[in-house]
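Each remark here refers to the structure printed beneath this line.
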Amino acid sequence: MSGLEDLYREIILDHYRSPRNRGELESPPAHRTEGFNPLCGDEVVVYVMVDGEGRIADIKINGQGCSISQSSASMMSAAVKGKTIDEARALTSTFKSMMSIHEQDIGGDGTEAEADPADVTAEMKLGDLEALRGVVKFPVRIKCATLSWNTLTQALDEVAAARS
Amino acid sequence: MTTPATPTPESPPASGSPTAAGPGRLDVAAIRRDFPVLGLRQNGHRLVFLDSAASSQHPRQVLDAMTSFYETSYANVHRGVYQLAERATAGYEGARSKVARFIGAPSTNEVVFTKNATEAINLVAGSWGRANLGPGDAVVLTLMEHHANIVPWQMLAAHVGFEIRWVPLTEDGHLDLTDLDRLLDGAKLFAFTAMSNVLGTLNPVARLTAAAHDKGALALVDACQWVPHLVTDVVAMGADFVAFSAHKMLGPSGIGVLWARSELLEAMPPFLGGGGMILNVTTEGFTPDAPPGRFEAGTPPIAEAVGLAAAIDYLTGLGMDAVHRHEVELTGYALRTLKAEVGDALTIYGPSEPSERGGVLSIALEGVHAHDISQVLDTQAVCIRPGHHCAKPLMRVLGAPATARASIYVYNDTDDIDALAAALVAARDFFKL
């Protein structure tokens, strides 16, 4: 099936079938944030446990969605676990830049992706997350891939707000 | 206009016409030739369009009627005295008459043109509802409503403080009417869908409107999925309000219909204010026009009304009995074929008996999300819709965050169903279930 292999890379299907960090954390002490994709009804619940040094000590993902949203959430959880909030934010920024290639292709001003790429991409390696690069060829699925990341951002904002 | 492949009521079918596939049957091959979009090919496949419950495609006759109207008859309506403007008004008002006849309305003035069914229901909520509902009142909805028949009532309830009650569902996707009389006790309105856009369930409309009237409530019927597919008679339905959209019945987007009984419309205050809905305006205030103009503020969708009229001609030529019969047969074929080809991994929601449902098949494939199903199907040019179908309360009842919905119409045939089955098998195998 032409094109499908670009989207559904084996590592994506692996994370879909065997999601990492799946489940719940008791909240409190963990922080719980829900994200919705209003277009398709997908729901993701992100639980983050941030320790006293601002490090994501634990993360769990719950909810339901398609292979792209679920595998992206799974890979995200593995990538940010143990990282500081700042590192997680930088990784999020890198990931979302990759997901916004489409906007440049169709004539967007590209400011988001051009914003200090050296600062961000050099610092944060996407690793397995590179497998999601193919999603940008399927524009309606970009929201699936970014749902858990937007929810994580919201969760980290809420944690930071609660601490300040 | 090109000659329709199908006869209009004004020109009864000649023998040997393309529709002569037997009495009361559709000649789908001839119908398909009327739809330019169905000639598209994608990835080497013929386009398999199974998303008509979201929005249907357009026959050449509708496209030509709108183009011809723009080329020869377009101007604003109800204003100019020049001949072009008179033709425009005649086209727009002629469409109103045609709609009235198509749905069995006792009076043409009971047909209000709106933007779509959603706006029609918002009109009832914003006009009748605002004037008649208050604290202590109740509106009864069902758990199979589209958001269009939920959110307007929730918005109004937040303002004026009435109660919303919900008719539950049975296991097989019918309304559970066990406690209907109790739910309707003291209610002022029962607003329900004639056919579920997710389950395909055909509801017993006349029975439900009678139950509402027995308790002194009015009945609003969301007929979006009914009018395109079955004979519609608003009087036989016993409805007080009926809402539907042109774009699900071979017509253009941008126009919908609210039908309501004359006495109700006469008593209802305006919804949107502006030009075209007044008798007089002074610095002190305004005097609203009589219905239906009272509810049609601003320049209406004029060419769209002409397109809707052409769609009604097309459907009337096919015969709504034949349309429904075709859909029941094809739905039965789909229920059998999909189960046989795809196997136990497949769930089809809603009534199992084809005659109890319209041509809507909401499916789940074990272990494969609806988005992923749709993505794989797209590679084979099979167009279905994934998601919650604007019916999140229903999806919660089903316990499914999303389904993949295939919906059929006059131009679908068994080849389309076979292509759907093959694509679902491909999806199942791709995800290695």
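What follows draws every value from the coordinates through simple rules; no lab data is involved. In this text the structure is predicted, and so the values were computed from the model without any measurement. Neighbour counts run over all protein chains shown; Cβ positions are idealised from the backbone, glycine included.
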*asked:* Net charge around residue B:124, counting only other residues with Cβ within less than 11 Å of its Cβ (Lys, Arg = +1; Asp, Glu = -1)?
replied: -2
_Rounded, prolate or oblate, given the Cα gyration tensor of segment B:206-274, with a/c below 1.5 counting as rounded?_
oblate
*asked:* In whole Hz and in residue order, list the ³J(HN,Hα) couplings for segment B:272-287 that follow from phi through the Karplus curve 6.51 cos²θ - 1.76 cosθ + 1.60, θ = phi - 60°; x for Gly and Pro.
replied: 9, x, x, x, x, 10, 10, 8, 7, 10, 10, 5, 8, x, 9, 10
*asked:* If you build the convex hull over the alpha carbons only and average its shadow over all orientations, what do you get for the protein assembly as shown? Give it in nm² to one decimal.
replied: 31.9 nm²
*Calculated over chain B: convex hull of Cα atoms, volume per residue (Å³)*: 146 Å³
*Total lysine pairs whose alpha carbons fall under 25 Å of each other in chain B (8 or more apart, or interchain)*: 8
_Cα radius of gyration and Dmax for segment B:106-161 (Å)_ = 12.3, 35
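List the chymotrypsin sites (Phe, Trp or Tyr not before Pro) within segment A:1-44 that DSSP assigns to loop and that have no more than 14 neighbouring Cβ atoms inside 10 Å. Could the numbers behind the result be given before it?
On the way: sites: A:8, A:16, A:36; in loops: A:8.
Listed in order of number, the matching sites amount to none.
Can you tell me the order of B:237-250, A:48-61 when each peptide is scored by its average per-residue count of other Cβ atoms within 10 angstrom, highest first?
In decreasing order of mean packing, B:237-250, A:48-61 become B:237-250, A:48-61.
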*Out of B:323, B:301, B:426, whose Cα points farthest toward the positive end of the dipole of segment B:277-433 (charges: +1 Lys, Arg; -1 Asp, Glu; placed on Cβ)?*
B:426
_Computed over segment B:107-298, Cα set: Rg, Dmax in Å_ = 16.4, 59
*Would you kindly state how much longer the chain becomes between residue B:159 and residue B:283 on full extension, computed as 0.36 nm times their sequence separation minus their alpha carbon distance, in nm to one decimal?*
41.7 nm
*Binning at 5 Å from 0, report for segment B:243-341 what percent of all alpha-carbon pair distances ends up in each bin.*
3, 11, 14, 14, 14, 12, 10, 7, 5, 4, 3, 2, 1, 0, 0
*Which order do the peptides B:401-413, B:353-365 take when ranked by the mean count of other beta-carbon atoms within 10 Å per residue, highest first?*
B:401-413, B:353-365
*At q = 0.19, 0.26, 0.27, 0.31 Å⁻¹, what is the log10 ratio I(q)/I(0) for segment A:30-81, with the Debye formula run over Cα points and no solvent?*
-0.63, -0.99, -1.03, -1.20
*Arranged from highest to lowest average of other beta-carbon atoms within 10 Å per residue, in what order do the peptides B:309-319, B:32-42 appear?*
B:309-319, B:32-42
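How big is the C-alpha Rg of segment B:332-433 next to the rule-of-thumb value 2.2 N^0.38 Å, as a ratio?
Rounded to two decimals, the normalised Rg is 1.00.
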*Take every residue in peptide B:366-376, count the Cβ atoms of other chains within 10 Å of its Cβ, and give the average of those counts.*
6
_Descending Cα extents along the principal axes, segment B:20-179, whole Å_ = 53, 51, 36
*Amide proton proximity set for residue B:358, modelled H, under 5 Å, gap of 5+*: B:201, B:202
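What is the mean number of Cβ atoms from other protein chains located within 10 Å of the Cβ atom of each residue in peptide A:59-69, rounded to a whole number?
Mean partner-chain Cβ count within 10 Å for A:59-69: 3.
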_Give the average, rounded to an integer, of partner chain Cβ atoms located within 10 angstrom of each Cβ in B:349-355._
0
*Amide H to amide H under 5 Å from residue B:255: which residues, 5+ apart in sequence or cross-chain, H placed 1.01 Å off N in plane?*
B:246, B:247
*Would you mind checking which residues have amide H under 5 Å from residue A:84's amide H? H placed 1.01 Å from N; only 5 or more apart, or other chain.*
A:56
*asked:* As a test of understanding, state the convex hull volume per residue of segment A:4-163 from its alpha carbons, in Å³.
replied: 113 Å³
_Nearby aspartates and glutamates by direct alpha-carbon distance to residue A:125 (threshold 19 angstrom, same-chain neighbours under 8 apart not counted)_ = A:86, A:87, A:112, A:114, A:116
*What relative contact order, as a whole-number percentage, does segment A:4-163 give when Cα pairs under 8 Å and 6 or more residues apart are counted?*
29 percent
*Selection from B:135, A:62, B:52, by position along the positive dipole direction of the protein assembly as shown (Cβ)*: B:52
*Name the residue, out of B:292, B:59, B:135, whose mean-square fluctuation peaks in a Gaussian network model built on chain B with Cα pairs under 10 Å.*
B:135
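Calculate the dipole size of segment A:4-163 relative to its Cα centre from +1 charges on Lys and Arg beta carbons and -1 charges on Asp and Glu beta carbons; express the result in debye to the nearest 20.
Once rounded to the nearest 20, the dipole reads 480 debye.
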*At 7 Å along the Cα-to-beta-carbon direction for both residue A:140 and residue A:24, put a label point, then send me their distance in nm to one decimal.*
3.3 nm
*What does the charge dipole of segment B:107-298 about its Cα centre add up to, to the nearest 20 debye, if the Cβ of each Lys and Arg holds +1 and the Cβ of each Asp and Glu holds -1?*
280 debye
*asked:* Under the 0.36 nm per residue contour assumption, what length would be gained going from the current alpha-carbon distance of residue B:262 and residue B:345 to full extension?
replied: 24.8 nm
*Hey, got the dipole for chain B? About the Cα centre, +1 on K and R Cβ, -1 on D and E Cβ, debye to the nearest 20?*
500 debye
*Relative to the present Cα-Cα distance, how much length would full extension add between residue A:11 and residue A:162 at 0.36 nm per residue of separation?*
50.8 nm
_Phi to ³J(HN,Hα) by Karplus 6.51 cos²θ - 1.76 cosθ + 1.60 over segment B:382-388, Hz, x for Gly, Pro_ = 9, 9, 10, 10, x, x, 9
*What is the fewest-to-most order of B:229, B:147, A:15 by other Cβ atoms lying within 10 Å of their Cβ?*
B:147, A:15, B:229
